[in-house]
1. For the structure I just gave you, tell me whether THR141 is surrounded by 13 or more Cβ atoms within 10 Å (Cβ to Cβ), among the polar types (S, T, N, Q) and under 30 Å from ALA245 (Cβ atoms).
2. Mind listing whichever residues of region 102-118 are within 6 Å of ligand 1 (Cβ to nearest atom) and surrounded by 13 or more Cβ atoms within 10 Å (Cβ to Cβ)?
3. Report yes if some residue within region 103-121 is more than 18 Å from ALA158 (Cβ to Cβ) and either in contact with a Leu (Cβ under 7 Å, 6 or more places away or on another chain) or modelled with pLDDT of 95 or more (or both); otherwise report no.
4. Does region 149-159 hold any residues that are free of Cβ contacts under 8 Å to residues at least 60 places away in the same chain and either open to solvent by less than 60 Å² (accessible area, probe 1.4 Å) or within 16 Å of ligand 2 (Cβ to nearest atom) (or both), and which are they?
5. Suppose we keep only residues that are open to solvent by 60 Å² or more (accessible area, probe 1.4 Å) and part of a helix (DSSP H, G or I) within region 180-195. Which one would you say is nearest to MET249 (Cα to Cα)?
6. Could we say that THR225 is out of contact with any strand residue (DSSP E or B) (no Cβ under 7 Å at 6 or more places or on another chain), away from ligand 2 (no atom under 12 Å from the Cβ) and open to solvent by less than 50 Å² (accessible area, probe 1.4 Å) here?
7. Which residue pairs have Cβ atoms under 7 Å apart, sit 6 or more places apart or on different chains, and have a first residue in region 177-201 that is in the same structural domain as ASN234 (by TED's automatic domain parsing) and a second that is of a type in the set (S, T, N, Q) and surrounded by 17 or more Cβ atoms within 10 Å (Cβ to Cβ)?
8. Taking region 125-149 only, how many residues are under 14 Å from VAL163 (Cα atoms) and aliphatic (A, V, I, L, M)?
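The values are calculated or read from the model by the stated rules, or taken from the named source; none is laboratory data. Here the structure is a predicted model, which means the values were calculated and not measured. Positions of Cβ are generated from backbone atoms using ideal geometry, with glycine treated the same way; all protein chains shown enter the neighbour counts. For accessibility, only protein heavy atoms count, side chains too; no ligands or nucleic acids. Shrake-Rupley method; radii C 1.70, N 1.55, O 1.52, S 1.80 Å.
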Amino acid sequence: MAEHHEMKKTTPQEFLLALVGGLFAPLIAIILIIVYVMGIQEGLVKTGSSEAEDRAIRERIQPFGVALAVDPNAPRVERSGEQVYNEVCSACHGTGALGAPKFKDAAAWGKRIAQGYDTLLTHAIKGFNKMPARGGDPDLTDLEVARSVVYMTNAVGANFEAVLKKEPEPTPEILARGQAVYAQVCARCHDTGLTGAQKLTDTAAWDALIKQGKEYLYKAAIEGTLGGPARGGNDKLSDADVKAAVDYMVDEAKKAITAAKPAQEAAR
Ligand code: HEC
Ligand code: HEC
């Protein structure tokens, strides 16, 4: 004989509980997941305070495909002399390691300062005896090296200013070659501003870029930046072609900047 279980009648309370449980359990799970993911992102943003961490994060979040074409160190704000000193130069100049003239040691710096700013800067950029080129950090821009040289030497009484040597003006032949390369390869982004490329007429953007120095711009154009492809996306371009295109772009941007100046001053 089959046993007969009598179904218990569901009370309205039980029904409600089941309903609430059934609806809310997944909802709570979803909320927890969202909170968890946001927590991770917040962590990412918060730790982005220092340059090194920032770089590490950018490298980590870079899509795999782009990582090959892109120099994660290229687009960044240039550091002050003090920052560069602390991050790079102090390793030797803070301690006197390898015979480096120590920070604030006027006697050690005196004769060196007498050589003049240009010599000191050249030695710091190219290296000098046991002093490695750019203090051993090839990513430092000329301007960053100049600023850190000035930071160290002015600390012992020099009165230098962090200026870079005037860059040689490109010849008309180079500009003509650059214009041709630009028209063929670069214009489709830099004429239109596609994907955030700095238009040649964007005087504010180019003013800032020009301050970084030609070496930086050549490197950025040849190796690519986070947004700009290496060699404008055309592997067949030689370094000289890319550099000529950069020379042409800088030349055009300088013209636009000069043209914009009287208008700005008149507006004041
Ligand atoms: C690995 C150690 C080391 C690091 C890092 C380093 N230096 Fe030096 N630096 C030296 C040594 C050693 C000398 C002395 C070289 C000599 O006179 O033979 C020197 C000398 C110099 C001089 C004097 C050159 C001259 O003509 O007398 C300048 C300027 C200088 N360093 C700038 C810098 C700057 C700027 C940085 C950071 C960006 C830096 N150094 C990082 C080791 C270092
Ligand atoms: C597919 C679009 C594209 C093409 C083609 C392109 N660029 Fe760019 N370029 C960009 C973008 C986007 C940026 C802005 C990158 C950034 O903000 O870091 C940029 C930035 C630059 C910069 C400034 C570097 C910086 O730090 O922002 C230079 C210099 C440059 N490009 C040179 C060139 C040259 C030279 C060519 C042609 C040989 C070229 N680009 C072709 C998209 C392009």
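1. yes
2. ARG112
3. No, because not a single residue in region 103-121 is more than 18 Å from ALA158 (Cβ to Cβ) and either in contact with a Leu (Cβ under 7 Å, 6 or more places away or on another chain) or modelled with pLDDT of 95 or more (or both).
4. THR153, ASN154, ALA155, VAL156, ALA158
5. Going through the qualifying residues, I end up with ALA183.
6. No; evaluated as a whole, the condition is false for this residue.
7. These pairs meet every condition: HIS190/GLN198.
8. Matching residues across region 125-149 total 5.
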